[in-house]
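The values are calculated or read from the model by the stated rules, or taken from the named source; none is laboratory data. Since we're looking at a predicted model, the values are computed, not measured. Because the Cβ atoms are built from the backbone with ideal geometry, glycine has one as well, and the counts that use them run over all protein chains shown.
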Amino acid sequence: MQIDDMDRRLLRYYQADPALSAAALAETAGLTRAACWRRLEKLRAAGVIRGVRAVIDWGKLGYAVEVSLRVAVDKTQPGAFDAVVARAREIPEVIEIQTFLGRVDLRLSVRARDMAHYQQIYHDRILTLPHLADIEGLMRVATIKDDESLPL
């Protein structure tokens, strides 16, 4: 799919404020509502716009602890990687799973209410994952930048 300057302009405004109505977005971008809607639909159909989501402040809902676990998988076992990922997906407090090349195979982002809750999750759910070779935990102290926007 070819993205032109108008598509980039729409994406820039949409990225800055996804709650804008189509009419407001069209006006801001200098398009008619119909043209704006067609372009947005084209971008959605092409998978450029994958969705709009709510960004929740989990701390304000009582989930004050976030731990990033770097996991090395024992890859000498056939199917080990897929087994770990499948089981990790079943843990509700694991809110993100990323894969990597190198010494670390996976990063699991775990949310918990407090340290006691985290310890329970870690002991009862994380340590029971199959084929673990090594785990390193990094506790988030502060978020310095949390922005998924890129210049368009």
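Looking across ASP124, ASP114, ASP74, one residue alone is surrounded by 14 or more Cβ atoms within 10 Å (Cβ to Cβ) and of a type in the set (Asp, Glu). It is ASP74.
At pLDDT 95 or above, outside any loop (DSSP other than H, G, I, E, B), of a type in the set (A, V, I, L, M) and under 30 Å from VAL48 (Cβ atoms): is that true of ILE135 in this structure? So ILE135 fails the test. For ALA45, the criteria (1) out of contact with any strand residue (DSSP E or B) (no Cβ under 8 Å at 6 or more places or on another chain); (2) modelled with pLDDT of 95 or more; (3) within 26 Å of ARG125 (Cβ to Cβ) hold in every case but one, which is (3). The set of residues from region 100-120 being within 15 Å of GLU136 (Cα to Cα) and not in a loop (DSSP other than H, G, I, E, B) comprises LEU106, ARG107, LEU108, SER109, VAL110, TYR118, GLN119. Restricting attention to region 35-58, the residues being surrounded by 14 or more Cβ atoms within 10 Å (Cβ to Cβ) and farther than 14 Å from MET6 by Cβ number 2. Pairs are defined by a Cβ separation below 6 Å, a sequence spacing of at least 6 or placement on different chains, a first member in region 103-126 that is in the same structural domain as ALA80 (by TED's automatic domain parsing) and under 21 Å from ASP82 (Cα atoms), and a second member that is of a type in the set (Lys, Arg) and outside any helix (DSSP H, G or I); the pairs so defined are VAL104/ARG70; ARG107/ARG70. Is one or more of the residues making up region 82-98 surrounded by 10 or more Cβ atoms within 10 Å (Cβ to Cβ), modelled with pLDDT of 90 or more, touching a His at 6+ places or on another chain (Cβ under 7 Å) and not basic (Lys, Arg)? Checking region 82-98: at least one residue is surrounded by 10 or more Cβ atoms within 10 Å (Cβ to Cβ), modelled with pLDDT of 90 or more, touching a His at 6+ places or on another chain (Cβ under 7 Å) and not basic (Lys, Arg).
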